[in-house]
Every structure is written in C-alpha cells, then in structure tokens.
Amino acid sequence: MADNQALMLAMATPQEGQPHDLYQIQILFEQLCQLLLSAGIDIKGIFLNADPGFDDTTLREFCQQKQNQANIKSNPCKAR
C-alpha cells in the first residue's frame, strides 16, 4: 500500500508455498490495514498497488469499504 505520493507504507508478509495471488486475501488485506492504523496512519484514500493477478471483485470491494484506491491493472485472462 502506498500514499498519494507513491511512498510505500506497508506490504503483506510473504506466503509460504505456491498459493495463487488471492490466497487468503481478505485476511492479508485486513492485516495491512490494521498495521497502518496501529502506526497512526489514516488508511482513507491510500492506494493499493497490485499486478493483474490481484484483479478480483472482492478485493476491489474491500478497498472500497476501507475507502482505499485500488490501483489494480485488469487481468485480460479474467475476461475469457
């Protein structure tokens, strides 16, 4: 997650094994938000920068609920 000046604020912990990009995304996204909040960083309006592997309606909805900006490139494979 980055602020509006593209400065990195937090990133999720690496996941063991070979899970897909969205493996436990709700848990990891909530951990990111809690990490920032516990550091005194307002999470409203921050950006979630992610590659097309994270193009998911649920993740976009999580961002919207937290008032974050989802900067996720569309995955062309998803449209098929």
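Within segment 34-61, restricting attention to residues that are among the hydroxyl-bearing types (S, T, Y) and within 17 Å of A12 (Cβ to Cβ), which residue is least open to solvent (accessible area, probe 1.4 Å)?
Restricting attention to segment 34-61, the residues satisfying the condition of being among the hydroxyl-bearing types (S, T, Y) are 38, 57-58.
Within this subset, residues satisfying the condition of being within 17 Å of A12 (Cβ to Cβ) are 38, 58.
Values: S38: 98, T58: 61 Å².
Of everything passing the filter in segment 34-61, T58 is least open to solvent (accessible area, probe 1.4 Å).
How many residues does segment 53-67 contain that are out of contact with any helix residue (DSSP H, G or I) (no Cβ under 8 Å at 6 or more places or on another chain) and in a loop (DSSP other than H, G, I, E, B)?
Residues in segment 53-67 being out of contact with any helix residue (DSSP H, G or I) (no Cβ under 8 Å at 6 or more places or on another chain) and in a loop (DSSP other than H, G, I, E, B): 2 in total.
Checking the condition closer than 17 Å to A6 by Cβ and either small (G, A, S) or open to solvent by 80 Å² or more (accessible area, probe 1.4 Å) (or both), which residue from Q31, Q26, Q69, Q64 passes? Walk me through how you get there before you give the answer.
Numbers: Q31 fails: closer than 17 Å to A6 by Cβ; Q26 fails: closer than 17 Å to A6 by Cβ; Q64 fails: closer than 17 Å to A6 by Cβ.
Answer to the check: Q69.
Just to be sure I understand the filter: pairs with C-beta atoms under 9 Å, separated by 6 or more residues or on different chains, first member in segment 1-27 and acidic (D, E), second member surrounded by fewer than 12 Cβ atoms within 10 Å (Cβ to Cβ). Which pairs pass?
D3/G45; D21/D51
Test G17 against the stated conditions and say whether it is at pLDDT 85 or above, part of a loop (DSSP other than H, G, I, E, B) and over 21 Å from K78 (Cβ atoms). Full working, then the answer.
Numbers: at pLDDT 85 or above: no; part of a loop (DSSP other than H, G, I, E, B): yes; over 21 Å from K78 (Cβ atoms): yes.
No, not satisfied.
Could you tell me which of the residues L37, L32, L48 is within 10 Å of the chain's Cα centre (by Cα), of a type outside the set (D, E) and in a helix (DSSP H, G or I)? Spell out the reasoning first.
Values: L37 fails: within 10 Å of the chain's Cα centre (by Cα); L48 fails: in a helix (DSSP H, G or I).
Result: L32 is the single residue among L37, L32, L48 that is within 10 Å of the chain's Cα centre (by Cα), of a type outside the set (D, E) and in a helix (DSSP H, G or I).
The values are calculated or read from the model by the stated rules, or taken from the named source; none is laboratory data. As the structure is a prediction and not an experimental result, all values here were calculated from the model. Using ideal geometry, Cβ is built from the backbone for each residue, glycine included, and neighbour counts are taken over all protein chains shown. Note: accessible area is taken over every heavy atom of the protein model, side chains too, but ligands, DNA and RNA are not part of it. Shrake-Rupley method; radii C 1.70, N 1.55, O 1.52, S 1.80 Å.
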